[in-house]
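As structure tokens, the structure follows; a few thoughts come after it.
The values are calculated or read from the model by the stated rules, or taken from the named source; none is laboratory data. Because the structure is a prediction, the values reported are computed rather than measured. Heads up, the Cβs are rebuilt from the backbone with ideal geometry, glycines too, and the neighbour counts pull from every protein chain shown. Surface areas here come from the heavy atoms of the whole protein model, side chains and all, with no ligands, DNA or RNA. Shrake-Rupley method; radii C 1.70, N 1.55, O 1.52, S 1.80 Å.
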Amino acid sequence: MKEPIIAPSILSADFYDIRAAIQDIASSGCPWLHLDVMDGRFVPQITYGNKMIADIRRHTNLFMDAHLMIAEPERHVHSFIESGADAITFHAEACIHSHRLIQTIQRAGVKAGISIVPSTPVGSIVPLLESLDQVLVMTVNPGYGGQKLLPFCLAKVDELREIREKNGLNFLIAIDGGINLTTIQQIALHRPDVLIMGSAFFNVQDKQVFVSDILNVWGHAVENFR
Ligand code: DX5
Ligand code: ZN
């Protein structure tokens with residue numbers, strides 16, 4: 001059974017002590033760090049930008065995925081490439097020439113991901129799938145941590161996996177928003193490859209126990225489904 005990659009998002013961490021947040025992620029055994037960049041236009045809030053990512057980069061070997069919730073990502077992508085992110089994921093809804101932007105990111109040696117909000121169907125990104133390293137399915141409306149999972153979005157994970165299998169493609173399927181110990185059982189039945197978690201991870205004291213609990217529930221759910 002393939003275990004999912006757990007990617008904690010520092011959006012729910014205490015920004016006064018980012019160093020502790022990064023250390024918590026590394027010591028809990030999670031291989032990825034998810035970075036939510038918000039611009040106050042594509043989504044209502046403003047979080048942080050490329051300097052934050054570049055500063056963190058100097059202190060960690062975690063795989064860093066920058067989730068750009070920004071309008072016109074093509075205008076800013078170069079600064080995020082320079083920040084040292086391992087992957088850059090932008091929103092299909094925010095960019096007209098998505099295919100060109102995927103190429104720009106990949107030619108710089110960075111993995112390229114595209115994200116879709118709950119109201120965007122998989123069909124709208126099908127032509128891009130063969131070029132992508134990751135598809136990030138939003139399971140809440142982007143913009144805030146701590147929201148409730150929208151279960152109808154999980155069908156997109158199945159749809160994407162079927163297209164991937166049928167066409168021999170390689171992109172990872174990530175989900176983002178509302179993942180916690182209560183929802184993980186339902187999520188596991190759809191078998192996404194990457195689980196992005198903000199509030200559920202940072203709201204618990206013992207992160208290592210939390211991660212192993214998540215993987216346990218996941219394992220049981222997948223076993224029982226067989
Ligand atoms: C929301 C962000 C998420 C956020 C998830 O727009 O993209 O990455 O951190 O937070 P939770 O896990 O609390 O739903
Ligand atoms: Zn995110």
Checklist entry - Each residue of the stretch 115-124 in turn: what ³J(HN,Hα) in whole Hz from Karplus with 6.51, -1.76, 1.60 and θ = phi - 60°, glycine and Pro shown as x? => result 10, 10, 6, x, 7, 8, x, 4, x, 6
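Counting only heavy atoms of protein chains, what accessible area per residue, in Å², does the chain have with a probe of 1.4 Å? Can you show the working numbers first?
Working: 10690 Å² over 226 residues.
So the chain comes to 47 Å² accessible per residue, rounded to a whole number.
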Checklist entry - So which helices of the chain fit the span-like rule, where a helix is a whole DSSP H run, its Cα atoms reach 20 Å or more along the axis, and its mean Kyte-Doolittle is at least 0.0? => result 207-225
Next on the checklist: Assuming 0.36 nm per residue, please report the length gained on full extension of the stretch S131 to A26 beyond their Cα-Cα distance.
Outcome noted: 34.8 nm
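Considering only protein heavy atoms and a 1.4 Å probe, what is the carbon-and-sulfur percentage of the accessible area of the chain?
Looking at the chain in its full context, I get 49 percent from C and S.
About the Cα centre of the stretch 40-127, what is the dipole size in debye to 20, counting +1 per Lys and Arg Cβ and -1 per Asp and Glu Cβ, all else neutral?
Values: 8 positive and 7 negative charges, 28 e Å.
Here the size comes out at about 140 debye.
How large is the charge dipole for the chain, taken about the Cα centre, if only the Cβ atoms of Lys, Arg (+1) and Asp, Glu (-1) carry charge, to the nearest 20 debye? Walk me through the intermediate numbers first.
Values: 18 positive and 24 negative charges, 48 e Å.
Here the size comes out at about 240 debye.
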Checklist entry - If contacts are Cα pairs under 8 angstrom and at least 6 residues apart, what is the relative contact order of the stretch 134-226 in percent? => result 29
Next on the checklist: Can you tell me, using C-alpha contacts under 8 Å and at least 6 residues apart, the relative contact order of the chain as a whole percent?
Outcome noted: 20
Item to check | Separation of the R226 and D206 label points, Cα + 7 Å toward Cβ, nm | outcome: 2.8
Next on the checklist: Tell me the mean residue ellipticity at 222 nm calculated for the chain from its helices only (DSSP H runs of n ≥ 4, each -39500 (n - 2.57), averaged over every residue, nearest 500).
Outcome noted: -9500 deg cm²/dmol
